[in-house]
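S.K.: Questions regarding the structure given below will be posed in turn.
The values are calculated or read from the model by the stated rules, or taken from the named source; none is laboratory data. The shown structure was predicted, so the numbers you read here are calculated from the model rather than taken from an experiment. Virtual Cβ from ideal backbone geometry, glycine too; neighbours counted across all protein chains shown.
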Ligand SMILES: NC(=O)c1ccc[n+]([C@@H]2O[C@H](COP(=O)([O-])OP(=O)(O)OC[C@H]3O[C@@H](n4cnc5c(N)ncnc54)[C@H](O)[C@@H]3O)[C@@H](O)[C@H]2O)c1
C-alpha cells in the first residue's frame, strides 16, 4: 500500500510538531503547513529524522482560503493524495474580553474556526473525488466547554470548532471519511510556556490534574494517531479529551 500522506496545520512547533512527529514515527509522509515558512521547513527536516519517508514544510495562513487552496495543490502535486488532515493551527491571545478589540476577536475566529473550515472543505473534496475515504481531526480544547474572562474569543472559536467537526462528520461519513476532535488539557508549548514557567502555576498542575504532570505534544499526537488508525474506523463525530483527568475533577 502507498504511504499515507498526513497534513498537520500549525506544525512548525508545539502540539502540531508533536502530532506530526507521532505520524512520522509510524512511517507516514508528513506535511507541515504553517504561517512561519522557515520554521515549517525546519520542522519538516525533523520529521524525516523521526522516521517519515518524506516530509515537506509549506507556508500557509489557514485563515486565507487562497493560501489553503495553494497548499493543498502543492501537496497533491508532490504526493498525489491526502489521507489525513489534522486541523491544529490556532491562536490564543489571552486578552480580557472588556479590552478585546474587534480585530483580535475576528482574528481568533478567522484562524481557529474559519481556518479549519477552509482546510476541511478543500481536503474533503479531494478525498471524496479519490473515493478511498480519509481521516480529519480537529484540535479543540477544554475551552470548548469551560471558559474565563480572557478566553471569550478562544472559547467561542473552540466551541464552534466542535460543532464544525460534528457537522462535517455527518456530511463526510457516507464517503468513508471520519471526523473527530481531540481536546487537549494543559500542554507545555511555546503558547503556554510563559504561564507554566511560573512556580505557582506549575504547582497548580500537581493539585488539579490527577496524573500530576503537564501534558506533552506527544500525548496529543498519540491520540491523533489512534483516531487516524484502522482500529478507529467506527469512531466518528466525537471529542476525545486528553487532559490527564483534569476536567473529571470536581472542586
Ligand atoms: N498548549 C495548550 O495547552 C493547548 C491546550 C488546548 C488546545 N490547544 C490547541 O492546540 C493547538 C496548538 O497549540 P500550541 O500550544 O502548540 O500553540 P503554539 O502557539 O505553540 O503553536 C501554534 C502553531 O500554529 C501556527 N499558526 C498560528 N497561526 C496560524 C495560521 N493562521 N496559519 C497557520 N499556522 C498558524 C504558529 O506559527 C505555530 O507554529 C491550537 O489549536 C491550540 O488552541 C493548546
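S.K.: If you check residue 82 against the conditions, is it assigned to a strand (DSSP E or B), crowded, with 16+ Cβ neighbours inside 10 Å and in contact (Cβ under 8 Å) with a residue 24 or more places away in the chain?
M.R.: It is false that residue 82 is assigned to a strand (DSSP E or B), crowded, with 16+ Cβ neighbours inside 10 Å and in contact (Cβ under 8 Å) with a residue 24 or more places away in the chain.
S.K.: In the stretch 36-56, which residues are crowded, with 19+ Cβ neighbours inside 10 Å and within 11 Å of the ligand (Cβ to nearest atom)?
M.R.: 40, 43
S.K.: Further question on the same structure: Condition (residue is surrounded by 18 or more Cβ atoms within 10 Å (Cβ to Cβ), touching a strand residue (DSSP E or B) at 6+ places or on another chain (Cβ under 8 Å) and not in a strand (DSSP E or B)) applied to the stretch 90-105: is it met by at least one residue?
M.R.: The answer is yes, given that some residue of the stretch 90-105 is surrounded by 18 or more Cβ atoms within 10 Å (Cβ to Cβ), touching a strand residue (DSSP E or B) at 6+ places or on another chain (Cβ under 8 Å) and not in a strand (DSSP E or B).
S.K.: Still on this model: Among the numbered criteria (1) within 18 Å of the chain's Cα centre (by Cα); (2) touching a residue at least 40 places away in the same chain (Cβ under 8 Å); (3) surrounded by fewer than 14 Cβ atoms within 10 Å (Cβ to Cβ); (4) not in a loop (DSSP other than H, G, I, E, B), which single criterion is violated by residue 179?
M.R.: (3)
S.K.: Just need a number here: residues in the stretch 182-194 that are under 17 Å from residue 246 (Cα atoms) and either touching a helix residue (DSSP H, G or I) at 6+ places or on another chain (Cβ under 8 Å) or part of a strand (DSSP E or B) (or both).
M.R.: 7
S.K.: Say we look at the stretch 135-150 and pick out the residues that are without any contact (Cβ under 8 Å) to a residue 60 or more places away in the chain and crowded, with 24+ Cβ neighbours inside 10 Å; which of these is nearest to the chain's Cα centre (by Cα)?
M.R.: Going through the qualifying residues, I end up with 138.
S.K.: Based on what the data block shows, is residue 236 assigned to a loop (DSSP other than H, G, I, E, B), away from the ligand (no atom under 13 Å from the Cβ), at pLDDT 95 or above and within 24 Å of residue 122 (Cβ to Cβ)?
M.R.: When the stated conditions are applied, residue 236 passes them.
S.K.: For residue 7, indicate whether it is closer than 19 Å to residue 130 by Cβ and either at pLDDT below 95 or outside any loop (DSSP other than H, G, I, E, B) (or both).
M.R.: Yes; evaluated as a whole, the condition is true for this residue.
S.K.: Considering every residue within the stretch 222-229, establish whether at least one is more than 12 Å from the ligand (Cβ to nearest atom), at pLDDT 95 or above, out of contact with any strand residue (DSSP E or B) (no Cβ under 9 Å at 6 or more places or on another chain) and closer than 19 Å to residue 21 by Cα.
M.R.: Yes, because at least one residue in the stretch 222-229 is more than 12 Å from the ligand (Cβ to nearest atom), at pLDDT 95 or above, out of contact with any strand residue (DSSP E or B) (no Cβ under 9 Å at 6 or more places or on another chain) and closer than 19 Å to residue 21 by Cα.
S.K.: Filter the stretch 201-216 for residues that are outside any loop (DSSP other than H, G, I, E, B) and in contact (Cβ under 8 Å) with a residue 24 or more places away in the chain and give the result.
M.R.: 208, 215
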